[in-house]
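Got a structure for you, questions after.
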Amino acid sequence: MASPSVNKLADDNHSKSQYFSESETLQGHFDSHEIVYEDKKALVGKRLQEREEERLKLASKRKEENEQSASQTENLTFFMKTLTSNVCLIKEGLALASQIPKENLNVHFDSLSVKLGETQKFVTDSAIFLSSYDLAQKQLQLNDLQVEIATCRDKLMPKKKFAFKNKKKPVDSEKVPTAVSSQGNASNVTHPMSIQSKYDIAVNEHRIRNVCDQTVLVTADTIADKDVIISSANNCTIKIKGVPTAMHITDLVDCTVLCGPCSRSIFIERCRNCTLVLACQQLRIHESSTCTFFIHVTSKAIVEDSKDLKFAPYQLSYDDLDSHYETSGLNCLINNWYDVDDFNWLVKDKQSPNWSILPEEQRSSHTFD
């Protein structure tokens with residue numbers, strides 16, 4: 001039997017062992033709770049950080065939107081101020097036109113057309129912050145202004161278009177200059193005039209029409225101070241070696257037209273698969289397709305209801321070209337051949353699919369030879 005002292009020592013050892021065991025268990029609980037606490041703390045910190053990042057992103061986005069709004073407002077203000085100023089300058093120029101000497105009117109109207117062209121380009125470049133409606137309205141406003149310039153020019157620089165006589169006699173058929181066919185045979189082509197009147201009417205225009213498979217050469221003295229009207233031609237080469245006042249080209253197929261500087265406007269309609277080398281103040285093209293234009297235009301080219309048109313700079317050379325430029329009044333230093341306005345394409349930040357610039361390697365020079 002163990003002595004009381006031995007029993008007491010055993011009890012003390014048992015108590016110490018139980019104490020340490022309980023302490024270790026309790027420490028384990030503390031450690032476990034501490035790990036859970038740290039995990040929760042990290043999770044809360046992560047969520048707070050994410051919320052802060054979202055708040056900063058939202059604040060940055062709002063700041064950017066406010067800056068864009070302010071910038072757009074500033075752009076719109078600048079646009080309206082510039083447009084209004086340019087329109088006023090052009091209108092003032094029109095109002096002063098009647099006080100300008102006649103010999104200076106051509107230059108004056110040219111400068112107004114150039115200013116209008118610059119304004120039209122400015123409106124086009126500003127399309128990115130204009131609504132489709134506002135853009136269309138501004139373009140209509142400038143189109144009306146273009147008509148005003150043309151009207152004022154015609155009023156102050158009238159063409160002698162008709163001369164009336166009271167004596168009745170039949171209207172003579174108009175002769176087209178000698179035309180040489182592609183086979184080289186010369187022929188005098190005559191076309192009866194379509195105008196019938198009880199008066200004798202001398203019309204100040206030269207007509208070429210209803211020709212096929214021919215080369216037609218028109219000389220400078222034949223078209224001096226006259227409009228040239230070309231219509232209904234097929235597989236022809238037409239050479240206008242002079243200075244027409246204006247031109248109207250209609251219903252050409254597989255033709256080449258070479259022309260010296262034209263004093264005013266050229267209107268082209270329903271032409272297909274043609275090459276046209278032209279110089280003028282304004283060029284308008286309607287309902288045409290698969291045509292190549294080598295042009296000098298001091299205002300701009302306008303296309304409508306057309307497709308597959310290609311444009312390049314005017315490349316025609318002949319002995320009298322410089323003097324013909326002087327006679328026409330065209331500014332040979334201003335050529336907006338690349339500035340084409342497609343009335344059927346209002347998406348101004350994208351190139352119209354109806355026309356394009358002719359690549360340099362595909363361009364060619366032209367002569368009357």
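Residues with amide H under 5 Å of His206's amide H, sequence separation 5 or more or different chain, H placed in the peptide plane at 1.01 Å from N; which?
Counting only residues 5 or more places away or on other chains, the set is Asp227, Val228, Ile229.
Still on this structure, I have one more. Leaving ligands, DNA and RNA out of it, report the carbon-plus-sulfur percent of the accessible area of region 228-341 at a 1.4 Å probe. Walk me through the intermediate numbers first.
Details: 1560 of 3750 Å².
Result for region 228-341: 42 percent of the exposed heavy-atom area is carbon or sulfur.
So, counting K/R as plus one and D/E as minus one, what does the shell of residues with Cβ under 10 Å around Thr219 add up to?
+1
Taking 0.36 nm per intervening residue step and subtracting the Cα-Cα distance, what contour gain separates Glu92 from Ser356 on full extension?
91.5 nm
Now for a different question. How many Å² of accessible area per residue for region 80-147, probe 1.4 Å?
Details: 3620 Å² over 68 residues.
For region 80-147, the per-residue accessible area is 53 Å².
By how many nm would the segment from Asp225 to Glu118 lengthen if fully extended, with 0.36 nm per residue of separation less the alpha-carbon distance?
Separation in residues times 0.36 nm, less the Cα-Cα distance, equals 35.6 nm.
Another one. On average, how much accessible surface per residue is there in region 237-281, in Å², for a 1.4 Å probe, leaving out ligands, DNA and RNA?
Averaged over the residues of region 237-281, the accessible area is 24 Å².
Here's a follow-up. Using the Karplus curve 6.51 cos²θ - 1.76 cosθ + 1.60 with θ = phi - 60°, what ³J(HN,Hα) values do you get for each residue of region 44-54, in whole Hz, with x for Gly and Pro?
5, x, 5, 5, 5, 5, 5, 5, 5, 5, 5
Karplus couplings for region 102-109 from phi (6.51 cos²θ - 1.76 cosθ + 1.60, θ = phi - 60°), rounded to Hz, Gly and Pro as x?
4, 5, 9, 5, 4, 5, 4, 5
For region 125-153 and region 202-266, what is the separation of their Cα centres, given in Å?
That distance is 31 Å.
With a cap of 16 neighbouring Cβ atoms within 10 Å, and only residues DSSP puts in a loop, list the GluC sites (Glu not before Pro) found in region 273-332.
Working: sites: Glu287, Glu304, Glu326; in loops: Glu287.
In loop regions of region 273-332 (DSSP not H, G, I, E or B), the sparsely surrounded GluC sites (Glu not before Pro) are Glu287.
I've got another one for you. With respect to the cross-link table entries Lys239/Lys310; Lys310/Lys350; Lys121/Lys241; Lys121/Lys307; Lys91/Lys121, which display a Cα-Cα separation exceeding 26 Å?
Lys121/Lys241
The values are calculated or read from the model by the stated rules, or taken from the named source; none is laboratory data. Just so it is clear, the model here is predicted, and its values are computed rather than measured. Ideal geometry is used to build each Cβ from the backbone, glycine not excepted, and the neighbour counts take in all protein chains shown. Side chains are part of the model used for accessible areas, which takes the heavy atoms of the whole protein and leaves out ligands, DNA and RNA. Shrake-Rupley method; radii C 1.70, N 1.55, O 1.52, S 1.80 Å.
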